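J.: First, the structure itself, so that you have it in front of you.
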Amino acid sequence: MAPCRSWSELPKELISYIAKCLDTRTDVLRFRAVCCSWRASVPLPPKSPKLPMHFSLPVNDPRKPIVSAVISQTVVYRIAQPGFHAHPNRKSCFIRVEETEQENKLRLVNPFSERLIKHMPANFPKEINHLNFRVEELTKGFSIRILKDDGSSDLHDNIFWTRKLKLASDFDSSYKAISISSGQLRRVRLDTYTTDIHWCSLDTEVHYRDITNFDGKFFMVNNYGVILGMDESFYTLDEVHTSLEQKDWECERYFVESCGHLYLVVRDFLICPTLVQYNYTLDAFMTEAKDANVPVKFKVYKRIPSGDQRSRFCWVEVNDLGDRAFFVSADCSFSFLTRDYIGCGGNCIIYVDEIDNMERFRKFEPIEADNDKEGLKQLKNGKVRLYNLADQSSAPLALFPHYLDMFWPPPTWLKWDQGPSNA
């Protein structure tokens with residue numbers, strides 16, 4: 001019987017081949033941390049894009065026509081206890097963080113919005129050594145924040161509201177991006193040397209609801225349900241798909257990537273056309289009354305090869321997500337496997353109910369604080385909900401403790417720490 005060899009003695013060519021199969025920067029960093037020989041065989045992955053990036057932003061405000069802003073990157077991680085897959089009683093959670101200009105320094109972000117957590121949970125550690133946990137990167141996002149006079153930053157919906165920003169997959173000195181700003185689809189170029197930002201409207205006739213990156217393309221969907229696939233490098237249209245719904249403007253839409261496929265999640269308001277309507281001025285779906293009881297219905301479509309040479313792909317409705325669950329919101333969407341979690345079934349959609357009401361606008365009531373010492377507002381007011389695709393039922397996420405524990409609050413076992421900090 002041949003003697004067992006140490007992992008550190010693997011051939012350099014094999015180590016390099018394995019490293020090339022890793023999808024994220026986080027995976028490469030953890031791979032390099034195994035031993036000295038692995039670290040010497042695999043170069044340190046570049047931090048791309050070079051964010052946060054500061055720039056000057058012209059706005060429609062005569063009192064202050066130019067403001068200072070920053071584009072930041074947020075990442076959603078799944079963090080699991082060691083031995084998670086071998087021991088079903090071990091737990092995992094999702095955390096969303098924003099990268100800062102300091103290496104390995106992150107800021108905690110509300111998992112249900114883009115806003116920073118201002119009141120940190122008492123049990124949340126100041127340092128997390130990610131080598132002590134199983135860490136999986138689920139999705140990335142980008143946000144634009146206005147810099148205040150005191151140097152702090154936050155979202156500023158009234159001056160320049162960007163619903164979503166997506167950067168091209170291949171980054172260079174001039175980053176290509178697509179944004180939805182006040183409903184309009186815009187092409188964006190970010191120059192990292194001069195910190196200049198250039199905006200160009202691509203479509204001002206209709207409003208867009210979501211954008212994403214997939215398979216080397218930008219995908220976008222508008223209010224009429226038309227799906228466009230655009231080459232990231234040249235902004236040329238590769239795919240055009242007509243609406244999947246009959247009365248297409250009565251729907252909210254979210255892209256989700258899952259298991260190497262692209263999905264479109266549609267919230268159908270046709271079941272309540274007199275209760276919910278789209279407001280073009282506010283770029284939002286609205287109700288008249290503050291406490292309107294809005295029924296819920298979701299549909300899910302999957303992009304698959306069509307077998308047609310003229311149209312290589314098509315979208316088909318799916319009624320079963322299997323053992324996976326989707327999380328969708330205006331600025332962040334991802335999927336995750338549920339079979340590893342005790343008490344959690346699949347075939348469901350966790351969503352943030354982002355319908356606003358005209359009553360608040362007429363009374364000039366401000367938007368509630370995103371989080372305070374009592375917790376996250378979306379959980380307190382029942383705006384984070386779980387929809388079961390099988391029976392089409394919907395209920396607040398707080399009624400499903402096994403799911404809720406994945407998102408908030410951060411678990412106490414994150415305090416466990418040994419060795420130097422890496423995050």
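The values are calculated or read from the model by the stated rules, or taken from the named source; none is laboratory data. Everything numeric here is computed off the predicted structure, so don't read it as measured data. Note: areas computed on protein heavy atoms with side chains; ligands, DNA, RNA excluded. Shrake-Rupley method; radii C 1.70, N 1.55, O 1.52, S 1.80 Å.
J.: Anything over 23 Å Cα to Cα? Flag those among Lys118/Lys166; Lys20/Lys302; Lys166/Lys302; Lys64/Lys166; Lys64/Lys148, in the order listed. Show your work: numbers first, answer last.
T.: Details: Lys118/Lys166 25 Å; Lys20/Lys302 29 Å; Lys166/Lys302 21 Å; Lys64/Lys166 27 Å; Lys64/Lys148 12 Å.
Beyond 23 Å: Lys118/Lys166; Lys20/Lys302; Lys64/Lys166.
J.: Solvent-accessible area of Leu190, probe 1.4 Å, all protein chains present, reported in Å² to the nearest ten, please.
T.: Estimated to the nearest 10 Å², Leu190 gives 0 Å².
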